[in-house]
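Engineer: This is the structure, below, for whatever I ask next.
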Amino acid sequence: MPPNSHIDGAGASSKDDLIMDSEKDLAEDHVAIDGVVYSLKGWDHPGGDQIKLFGGNDVSVQYRMIHPFHAASLVQKMPRVGRIKSARVDYTFGSAFEKDLKDSVAKIVKPNQRFATPGFYFRLTFYVSLYWALLFSYVYYGSSWLLCAALGVSQAFIGLNVQHDANHGAISAWPVINEIFGFGADLIGGSKYLWLQQHWTHHAFTNDVDRDPDATSTDPFFLFHNYPSDSPMRKAMHAFQHFYMLPVLSFYWISSVFNTTAISVTHTSAKQAGMRFENSYLEAARPITWALRAFYIATTALSPFLYHAPMTALAHVWFMSICESLALAIPFALSHNFEHSERQPVAAGPVNWYKSQVETSCTYGGKVAGWLTGGLNFQIEHHLFPRMSSAWYPYIQPTVQEVCARHGVRYEYYPSFFSNARSTLSYVAAVGAGDIAPPSKKDK
């Protein structure tokens, strides 16, 4: 990757400005947007206190990602306290494609109507009721092979259909509704606060191997990222990785439930990507995370031992974990890992963020797939408008595809889950074999 691009002295100066060398100098109650430093204190954020999660970071990309229809002047409502001398810029905004995209989508879904529909609330009620009914049976009557499979899949439904929209702030304009359902992440073995750190960083920097935690999430056992031919990340075993892809994904539950990051509630991969998630907001969230993790382990991982011999109980937990892992991980694996996906979005310098989101993602199927996956089959639409309820994606998809065609932006659509899966498997095999590896730096 070439040297990072920067903007210098962004924002109008004021004699009272604090001048900081870089984003590393930001306090936990400060954020930077386009080189200007704002305080998170002294005003009420309409989206709730969750904004404090990002304190101490440059959120230029995240701000635009979360507020696509806001006027540029609205950011000035935040108390300004200073500026940074040099701010990193990997993505640009304001292109003709972006304007056409927003204008066209706003004609279908008005910005103030982008939240959940009655149909979404019906599905939410069904998935939540199913989860609690199955969990009660699992704990009260004891586990069985069938119940383990059903509970595992129902947890995946919560992850895909409930907590995902909630933690994107897409269910309701009332922050408390999103806050409550966002804890669905903790009820399936994850953590709301860890998810926010990892997933919003992924959304901001999709497929950028230096900044997207998902791009390296399975390294070094399995490669999703297409590393250069001479990369030390490449091993002989990767030539066979398309054969062991599903076994690797089946460990998702174990890697989540028994991950030590639940103690600190600081996502290490997001931290390695340059985001700083160490602040008093997260410190206050630790007891909640610990309590919910203890509840989850007691109900799903320990309760089978009350009814069965140790080996049978262990087998039940393992089987349940596999069912949840595959039902959750496979839809996410398809989203950004397919033939022709953009794997080096900022390698040649700053790129339009909206164009990058389209070309690093894909869409498959239609409404039915959306009901099962929480709209994540419409991954392009989701990455363009992450704070729009997934219920709206089938309605804006044709328009998004048309706008992309008008501006020469590559839009990857697959008619079904299986055609997308074939493309993903082909891509994974080619990456492992090195058939499509970019040349090494010394060969350029």
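Engineer: I'd like the residue in segment 167-177 that is in a helix (DSSP H, G or I) and of a type outside the set (A, V, I, L, M) and, out of all such residues, is surrounded by the most Cβ atoms within 10 Å (Cβ to Cβ). Spell out how you get there, then give the answer.
Structural biologist: First pass over segment 167-177, keeping only residues in a helix (DSSP H, G or I): 167, 175-177.
Narrowing further to those that are of a type outside the set (A, V, I, L, M): 167, 175.
Values: N167: 23, P175: 17.
In this case the residue turns out to be N167.
Engineer: Of all residues in segment 265-282, which are in a helix (DSSP H, G or I) and either open to solvent by less than 20 Å² (accessible area, probe 1.4 Å) or acidic (D, E) (or both)?
Structural biologist: First, pick out the residues of segment 265-282 that are in a helix (DSSP H, G or I): 268-272, 280-282.
Listed by number, the residues that qualify are A270, L282.
Engineer: So for segment 372-386 (the condition being assigned to a helix (DSSP H, G or I), among the charged types (D, E, K, R), surrounded by fewer than 19 Cβ atoms within 10 Å (Cβ to Cβ) and free of Cβ contacts under 8 Å to residues at least 40 places away in the same chain), does at least one residue qualify? Give the steps one after another, and end with the answer.
Structural biologist: As a first pass, look at segment 372-386 and keep what is assigned to a helix (DSSP H, G or I): 372-373, 379-384.
Now restrict to residues that are among the charged types (D, E, K, R): 381.
Within this subset, residues satisfying the condition of being surrounded by fewer than 19 Cβ atoms within 10 Å (Cβ to Cβ) are none.
Within segment 372-386 (the criterion being assigned to a helix (DSSP H, G or I), among the charged types (D, E, K, R), surrounded by fewer than 19 Cβ atoms within 10 Å (Cβ to Cβ) and free of Cβ contacts under 8 Å to residues at least 40 places away in the same chain), the answer is no, since none of the residues qualifies.
Engineer: Kindly evaluate K15 against the criterion of being among the basic types (K, R), at pLDDT 85 or above and open to solvent by 60 Å² or more (accessible area, probe 1.4 Å). Explain how you work it out, then say what you get.
Structural biologist: Values: among the basic types (K, R): yes; at pLDDT 85 or above: no; open to solvent by 60 Å² or more (accessible area, probe 1.4 Å): yes.
It is false that K15 is among the basic types (K, R), at pLDDT 85 or above and open to solvent by 60 Å² or more (accessible area, probe 1.4 Å).
Engineer: Which residues, taken from segment 269-310, are among the charged types (D, E, K, R) and within 24 Å of E28 (Cβ to Cβ)? Please lay out each step first, then the result.
Structural biologist: So the first thing to find is which residues in segment 269-310 are among the charged types (D, E, K, R), and the list is 271, 276, 278, 283, 286, 293.
Answer for segment 269-310, where residues must be among the charged types (D, E, K, R) and within 24 Å of E28 (Cβ to Cβ): K271, R276, E278, E283, R286.
Engineer: Which residue, of H308, H316, is over 30 Å from D90 (Cβ atoms), touching a residue at least 40 places away in the same chain (Cβ under 8 Å) and open to solvent by less than 20 Å² (accessible area, probe 1.4 Å)? Let's see the steps before the verdict.
Structural biologist: Details: H308 fails: open to solvent by less than 20 Å² (accessible area, probe 1.4 Å).
Exactly one residue qualifies, and that residue is H316.
Table: residues versus (1) closer than 29 Å to I188 by Cα; (2) in contact (Cβ under 8 Å) with a residue 40 or more places away in the chain; (3) part of a helix (DSSP H, G or I); (4) in contact with a Phe, Trp or Tyr (Cβ under 8 Å, 6 or more places away or on another chain).
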residue	(1), (2), (3), (4)
D103	no, no, yes, no
V109	no, yes, no, yes
A116	yes, yes, no, no
G119	yes, yes, yes, no
Y131	yes, yes, yes, yes
F136	yes, no, yes, no
A149	yes, yes, yes, yes
A156	yes, yes, yes, no
L160	yes, yes, yes, no
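Engineer: Give segment 419-442 a look and list any residue that's open to solvent by less than 30 Å² (accessible area, probe 1.4 Å) and among the polar types (S, T, N, Q), or say none.
Structural biologist: S419, N420, S423, T424, S440
Engineer: I've got another one for you. Sort out which residues of segment 342-362 are within 8 Å of Y91 (Cβ to Cβ) and among the small types (G, A, S), and write them in order of number.
Structural biologist: Here is the first cut: in segment 342-362, the residues within 8 Å of Y91 (Cβ to Cβ) are 346, 350-353, 356.
Answer for segment 342-362, where residues must be within 8 Å of Y91 (Cβ to Cβ) and among the small types (G, A, S): just S356.
Engineer: Here is a follow-up. What number of residues within segment 70-92 are part of a loop (DSSP other than H, G, I, E, B) and surrounded by fewer than 16 Cβ atoms within 10 Å (Cβ to Cβ)?
Structural biologist: Step one: list which residues in segment 70-92 are part of a loop (DSSP other than H, G, I, E, B), which gives 70-71, 78-79, 85, 89-90.
Filter again for surrounded by fewer than 16 Cβ atoms within 10 Å (Cβ to Cβ), leaving 70-71, 79, 85.
Residues that pass the stated criteria total 4.
Engineer: While we're here: Considering only residues that are surrounded by fewer than 17 Cβ atoms within 10 Å (Cβ to Cβ) and assigned to a helix (DSSP H, G or I), which ones fall in segment 18-52?
Structural biologist: Correct list: K24, D25, D49.
Engineer: Name the single residue that is modelled with the lowest pLDDT among those in segment 319-366 being hydrophobic (A, V, I, L, M, F, W, C), open to solvent by less than 10 Å² (accessible area, probe 1.4 Å) and outside any helix (DSSP H, G or I).
Structural biologist: Applying the filter and picking the extreme gives V346.
Engineer: Restricting attention to segment 387-418, which residues are assigned to a helix (DSSP H, G or I) and open to solvent by 20 Å² or more (accessible area, probe 1.4 Å)?
Structural biologist: W392, P394, Y395, Q397, P398, T399, Q401, E402, A405, R406, F417, F418, listed by residue number.
Engineer: For segment 135-166, which residues satisfy the criterion of being open to solvent by 30 Å² or more (accessible area, probe 1.4 Å) and under 26 Å from Y193 (Cβ atoms)?
Structural biologist: V139, V153, F157
Engineer: Does segment 138-147 hold any residues that are assigned to a helix (DSSP H, G or I) and either of a type in the set (F, W, Y) or touching a residue at least 24 places away in the same chain (Cβ under 8 Å) (or both), and which are they? Can you show your working first?
Structural biologist: At the first step, the residues of segment 138-147 found to be assigned to a helix (DSSP H, G or I) are 138-140, 145-147.
Y138, V139, Y140, W145, listed by residue number.
Engineer: Something else: Step by step: first the residues of segment 222-247, then only those that are in contact (Cβ under 8 Å) with a residue 24 or more places away in the chain and aromatic (F, W, Y), then the one that is most open to solvent (accessible area, probe 1.4 Å). Which residue is that?
Structural biologist: Ranking the qualifying residues of segment 222-247, first place goes to F240.
The values are calculated or read from the model by the stated rules, or taken from the named source; none is laboratory data. Quantities reported herein were computed from a predicted structural model and do not represent experimental measurements. Glycine gets a Cβ as well: all are built from the backbone with ideal geometry, and neighbour counts include every protein chain shown. Note: accessible area is taken over every heavy atom of the protein model, side chains too, but ligands, DNA and RNA are not part of it. Shrake-Rupley method; radii C 1.70, N 1.55, O 1.52, S 1.80 Å.
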